[in-house]
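The values are calculated or read from the model by the stated rules, or taken from the named source; none is laboratory data. Worth saying up front: this structure is predicted, and the values here are computed from it rather than measured. Quick note on the areas: whole protein, heavy atoms, side chains included, nothing else; ligands and nucleic acids left out. Shrake-Rupley method; radii C 1.70, N 1.55, O 1.52, S 1.80 Å.
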Amino acid sequence: KKSFPSNLLIGAPEIESGTMCGNEDHISLTEQVDMSEHGICAREGAINMNFRYMMSQVVVNLSTSDDGSDRVNIDGNTEVEIENACRDGWIDIHTRAIGKFGEDRGYTMHTVTNKKTRHDAIVPQLLTGSGITDLVFKITVKDNNGKVTDIYRATVKDIPVYVADANGHTTGSPESITKWEAGKKYIYNLKVTKTQISITATITDWETKITEDVEIWL
């Protein structure tokens, strides 16, 4: 889908390192099949099949001053772009990591029911690093006629992120992160005024991972 939610799920057997096949036909062999390295051995058995989210969920909540000269006109016309962000890429099914980024860069986030919230599923990716141009939130404010009045920018990697539980309760101290990971939800609260941007952010699991035991015959 081109709009949220793009709930890309991939289901695959997840086998711990060093798990031998246990096939009786292989007992006499010098080495049995290590299924974590060579795949599932031809045998009947219950394999744990995990379905996991492949995308990162990014939420941007915009706010401004209640009144006063520093108030900014934020509404559904206010654009939130992620400059330098990859819009596509290749995902390693085994590690759930991006193996290679696509060439398309820059992403305009979608407005949801709340005109001050932007909510999208984004390709998991690095925010900064060698050979990578830092990702930046670009906020473009417009008047009622659609004319651009203000542009604000915040470098994503510089925003401290709190780790939160499923209920949104934060624990510990905020940390700087260098990448958006698959299956994680990142909530950025950006308060935009005429003089500055005040920022808080949290990270949680996207949703409970779906785990199912299935019988597989090979």
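Quick look at the values:
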{"read-out": "Karplus (6.51, -1.76, 1.60) ³J(HN,Hα), θ = phi - 60°, over region 61-71, in Hz, Gly and Pro reported as x", "value": "9, 9, 8, 8, 5, 5, 7, x, 6, 8, 5"}
{"read-out": "Residue-level accessible surface for T111, protein heavy atoms, 1.4 Å, Å²", "value": "70 Å²"}
{"read-out": "Cut-off under 5 Å, modelled amide H: who pairs with K116 long-range", "value": "none"}
{"read-out": "Amide H partners (placed H, <5 Å) of S65, local residues excluded", "value": "V72"}
{"read-out": "Prolate/oblate/rounded label for region 125-192 (Cα gyration tensor, a/c 1.5)", "value": "oblate"}
{"read-out": "Which listed pairs, of K147/K184; K147/K179; K142/K179; K115/K138; K116/K142, have C-alpha distances above 24 Å, in listed order", "value": "K147/K184; K147/K179; K142/K179"}
